[in-house]
Structures are given as C-alpha cells and as structure tokens.
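Structure, as structure tokens:
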Amino acid sequence: VGRATDSGAPAGAAARTSGERAASYAFRGTHQAGIVTPAQDRLHFAAFDVTTDDRAALVELLQQWTDAAERMTRGEPAGPSGAVEGPVDLPPDDTGEAYGLPASGLTITFGFGPSLFRTDDGVDRFGLADRQPAALRTLPHFPADVLDPARSYGDLCVQACADDPQVAVHAIRNLARIGFGTVSVRWSQLGFGRTSSTSVDQTTPRNLFGFKDGTMNLKAEEPEEVDAHVWVAAEDDPAAGWLAGGSYLVARRFAMGIEVWDRQPLGDQEAFVGRTKDSGAPLSGGDEFTAPDFDMPGSGGTTIIAEDAHVRLVHPDFNGGVKMLRRGYNFVDGSNALGGLDAGLFFLAFVRDPDTHFIPIQTKMAAGDALMEYLKVNGSALFAVPPGIGEGEYVGQALFA
Ligand SMILES: C=CC1=C(C)c2cc3[nH]c(cc4nc(cc5[nH]c(cc1n2)c(C)c5CCC(=O)O)C(CCC(=O)O)=C4C)c(C)c3C=C
Ligand SMILES: [Fe+2]
C-alpha cells in the first residue's frame with residue numbers, strides 16, 4: 001500500500017486503489033495530515049498547557065515534537081533508540097506499547113490555542129501577541145454549554161488519529177513524555193468510530209444516536225470547496241500570514257442523553273435529524289446523497305423536513321453558503337453518577353474562519369435545534385492549525401520566524 005500525501009492521494013510507488021486505506025500518510029506537505037486525509041477509526045486528542053515562559057524552550061519542544069511525530073507516523077519509534085535498544089541505564093526514548101505495530105494510518109495534527117498568544121490577563125508570555133489571528137479567541141458561551149474548564153481550552157493541541165487505538169494513544173503519550181517540564185496535559189479525549197467521512201471512498205459511519213453522520217461533509221475530492229472553506233488564505237488576516245495554508249480547529253465535547261434518546265419513537269428521532277435512520281436519505285425522499293427538498297410540504301401545513309430539524313438548521317443554504325470539514329468521533333467514558341453512560345460525540349471541525357463558518361451555526365443550533373434536547377456541551381476549545389511542515393522545518397516555524 002502506498003504512502004499518501006496530505007491531500008489523501010497516494011505518494012509512493014504502489015498506488016492505493018479506491019477504498020483501500022493507506023498504511024501511512026506523509027507527515028510533511030502543504031497542509032498538515034489529519035485534516036483532509038481519510039478519517040481513521042480512532043482518536044486520541046490532547047490539549048496541553050505550556051508550563052514555562054521560556055520562548056526558546058517552547059521552540060525546542062516544537063522541534064522535538066516534529067521529529068517524534070514524523071518518526072511515529074512512519075511506524076517507527078518516537079526516538080532513534082526506540083523502546084528496547086537504548087542504554088539500559090537510561091529511560092527508553094520510546095515507551096514501547098506500539099513496538100511491532102505498523103503505522104496504522106497514524107496522523108498527528110498540531111494546533112495553537114488563543115492562550116499561547118495572550119493569557120486571560122493579557123500577558124504576552126512568548127512574544128507572540130502581535131501575531132495572534134483575529135479569529136483565534138475563546139469561543140463565546142452558547143446556550144446548552146455547561147463547560148468544565150478541565151475539559152476545555154489549552155495552549156497547544158495534538159490530534160492523533162489512527163486505525164489502531166494503541167497507536168493513537170502511544171503517539172500522545174510519547175509527545176507528553178517528550179514535553180515533560182515544558183508542557184502538561186490539560187485534558188485529553190479518546191474517540192472510537194469516526195462520525196464523518198472525509199473521502200468519497202469511505203462509507204458513511206454512524207454516531208451514537210444511530211444515524212449516518214458525515215454524508216454531506218466536505219470531502220478531499222472537492223479541492224475547490226476545501227480551499228474555499230477549510231484553508232486559511234494569505235490575505236485572510238494580515239497579522240497572521242504564518243497561518244496561510246492552515247486552518248482553525250473547533251473541538252466540542254457533546255454529551256448525549258442516549259438513554260432518553262433511546263426512548264423516543266423512531267419517527268421522532270428521524271424528524272429531529274431530518275433524515276431517515278435506515279439509509280440516511282433526507283425525509284423529502286431519494287437516497288443518502290439526494291439533496292434535501294426543504295420546501296416539500298408535510299402534513300398540517302408544515303414542511304416534511306421540520307423547521308427545527310438538524311439538517312435544515314445547519315445546511316449551507318440557510319447559513320450563507322458556508323461549509324465545514326467535520327472530523328469528530330464517538331466516545332464512551334464510563335458511566336455517570338445516575339448510572340447512565342457518559343457517552344457522546346467529540347465534535348471536531350476544521351474551518352477557514354470560525355467567525356463565519358462555525359460560531360453563527362453553533363449559535364443557531366444551540367438556540368433552536370431539535371437535537372439540543374438530548375445534548376449538552378461540557379468541553380470546548382478553539383485552535384489555529386498551522387500549515388503543513390516543509391522538509392527541514394518544525395511545526396509552526398513561520399510563527400516564530
Ligand atoms: C455547528 C456545527 C455542527 C454541530 C455542533 C453538529 C453537531 C451534531 N451533528 C449531529 C448529527 C448529524 N449532523 C449532520 C449533518 C451536519 N451537521 C453539521 C453541523 C454540525 N453538527 C453540518 C454542517 C451538517 C451537514 C448539513 C448539510 O450540508 O446537509 C447529520 C446528517 C448527515 C450528514 O450530512 O452528515 C447528522 C446525523 C450530532 C449528533 C451532533 C452533536 C452531537
Ligand atoms: Fe451535525
């Protein structure tokens with residue numbers, strides 16, 4: 001199986017055939033991997049706080065993280081000696097739990113939070129304040145947000161996705177280990193079962209409400225749409241030229257009231273979403289990929305896709321044409337005090353500008369979406385995702401130039 005470029009296309013001699021998953025994705029390229037590369041089945045996402053005010057130490061960490069991430073995405077150990085071949089009187093430079101495992105499609109995607117540029121008190125810890133992108137601010141409070149600060153925010157983030165959970169966890173663990181003394185893990189989230197497709201080669205998966213999720217997602221095979229809605233352009237923000245070719249990453253932990261949801265009639269569940277549970281077709285008819293007819297009359301003077309149906313509220317036609325690249329995951333983090341599952345959807349979306357492509361849609365959804373009855377958001381964060389890493393560069397290098 002060939003290696004893939006950041007566009008998801010094969011880069012090696014052995015080309016990938018349709019639907020076949022690449023064993024590894026190129027770490028370096030125009031854009032970071034883990035955005036338009038095909039969404040893998042497993043996630044370990046971590047937000048870090050930087051525990052030093054030393055800019056040089058931060059840069060050194062990013063250099064070390066770049067080296068280790070490149071190695072791990074190739075299926076190699078995090079450091080040159082590895083888990084078992086280093087000196088016996090030193091801790092190994094790889095923790096070992098992925099020893100013998102293949103790359104498993106690992107992608108590692110880095111992001112920078114607003115607090116890296118300026119603390120809540122306005123302190124410019126690393127001399128980066130004048131390079132803070134205007135759109136990189138703490139997300140506003142939305143109705144139904146019950147945010148836990150211990151699951152929110154962060155100076156840095158790392159999204160590790162792979163087809164083997166052990167490989168994703170190994171990546172985060174080793175980056176945290178390398179960062180000891182410079183960063184600490186603020187929060188992390190495991191995910192299983194992607195809730196989106198980012199390539200037409202992928203079948204649409206299901207979320208924990210049991211519905212197909214990702215049907216109308218932006219896909220790698222629509223590069224013009226991806227350019228228009230995902231990648232930051234050089235002219236977007238004069239203060240943040242370093243972000244050109246990058247993106248913004250929205251992370252929101254949606255706790256789902258699945259026990260209450262499971263007691264709702266099938267027809268009601270379908271009305272809340274606006275699509276059938278079986279094929280995922282819009283309630284106005286057709287198959288999964290048929291465009292919804294939002295004007296089709298239903299019974300009693302209403303439309304067949306209800307005014308508060310999720311797919312109506314978030315559809316580009318009702319949101320100034322904006323689209324997003326969703327890349328979220330299901331999660332179950334044990335059970336809660338009431339004996340229910342602590343389950344939900346860890347929503348991840350890459351957008352060109354959160355002010356136009358996320359905040360208005362989330363505001364509308366939080367205020368009037370039928371799904372919100374079953375959702376609470378207890379974690380939230382926004383990160384600027386620097387562009388891809390060129391040969392000999394480290395992640396985010398242009399920010400520190
Ligand atoms: C603010 C953006 C969005 C949030 C938050 C969100 C949460 C969320 N969504 C589902 C389930 C489904 N979403 C679907 C489609 C869909 N969702 C968004 C945006 C947000 N979703 C968009 C832009 C779209 C595509 C709309 C379109 O272009 O038609 C679907 C339908 C299948 C699909 O197209 O993917 C489902 C199902 C849940 C459960 C959830 C929070 C937990
Ligand atoms: Fe959605």
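Each reported figure results from applying straightforward, stated rules to the coordinates on display, with no laboratory input. Being a predicted model, the structure only gives us computed values, none of them experimental. Cβ coordinates were reconstructed from backbone atoms using ideal geometry, including for glycine residues, and neighbour counts include every protein chain displayed.
Selection among Pro354, Ala367, Val332 by position relative to the dipole of segment 327-373 gives Pro354 as farthest towards the positive end (Cβ unit charges, Cα centre).
For the chain, set up a Gaussian network in which alpha carbons nearer than 10 Å are linked by springs, and say which option among Ala244, Ala366, Ala150 fluctuates the most. Sorting by GNM fluctuation, first place goes to Ala150.
Once the other residues with Cβ under 9 Å from the Cβ of Asn217 are scored (Lys, Arg +1; Asp, Glu -1), what is the net sum? Provide the component values of the computation, followed by the final result.
Values: positive: Lys219, Lys323, Arg326, Arg327; negative: Asp213.
With Lys, Arg at +1 and Asp, Glu at -1, the neighbours total +3.
Of the beta bridges in the chain, as assigned by DSSP with both residues counted there, near 95 percent are antiparallel.
Relative contact order of segment 212-362: what whole-number percent is it, with Cα pairs under 8 angstrom and at least 6 residues apart? Can you show the working numbers first?
On the way: 238 pairs, mean separation 45.0, N = 151.
Dividing the mean separation by the residue count of segment 212-362 yields 30 percent.
Highest average first, the peptides 257-265, 310-318 ordered by how many other beta carbon atoms sit within 10 Å of their residues are 310-318, 257-265. Between Tyr25, Gly241, Ala255, the Cα set farthest toward the positive side of the dipole of the chain (charges on each charged residue's Cβ, about the Cα centre) is that of Ala255. Under the membrane-span-like helix rule (DSSP H runs whose alpha carbons stretch at least 24 Å along the helix axis, mean Kyte-Doolittle hydropathy -0.5 or higher), the chain yields 55-73.
Only loop residues by DSSP count here, and only those with at most 11 other Cβ atoms within 10 Å; note down the GluC sites (Glu not before Pro) in segment 267-326 that meet that.
Details: sites: Glu270, Glu288, Glu307; in loops: Glu288, Glu307.
Sites meeting the loop and neighbour criteria: Glu307.
Its Cα centre serving as origin, segment 187-304 has a Cβ charge dipole (Lys and Arg +1, Asp and Glu -1) of approximately 660 debye. Charging the Cβ of each Asp and Glu at -1 and of each Lys and Arg at +1, and nothing else, the dipole of the chain about its Cα centre rounds to 340 debye.
For the ranges 346-359, 292-305, 54-67, what's the packing order if you count other beta-carbon atoms within 10 Å of each residue, average per peptide, and put the highest first?
On the way: 346-359: 22.5, 292-305: 13.4, 54-67: 17.1.
By packing density, highest mean first, the sequence is 346-359, 54-67, 292-305.
Centroid-to-centroid, using Cα positions, segment 322-393 and segment 246-266 are 9 Å apart.
Once you compute Rg and the Kirkwood Rh from C-alpha atoms, what is the Rg to Rh ratio for the chain? Can you show the working numbers first?
Working: Rg = 21.1 Å, Rh = 21.8 Å.
With Rh from the inverse mean 1/r over Cα pairs, Rg/Rh is 0.97.
Per-residue packing, averaged as other Cβ atoms within 10 Å, sorts the ranges 376-384, 193-201 into the order 376-384, 193-201, beginning with the highest. Based on alpha-carbon centroids, what's the gap between segment 191-220 and segment 113-174 in Å, whole number please? Value for the Cα centre distance between the two parts: 24 Å.
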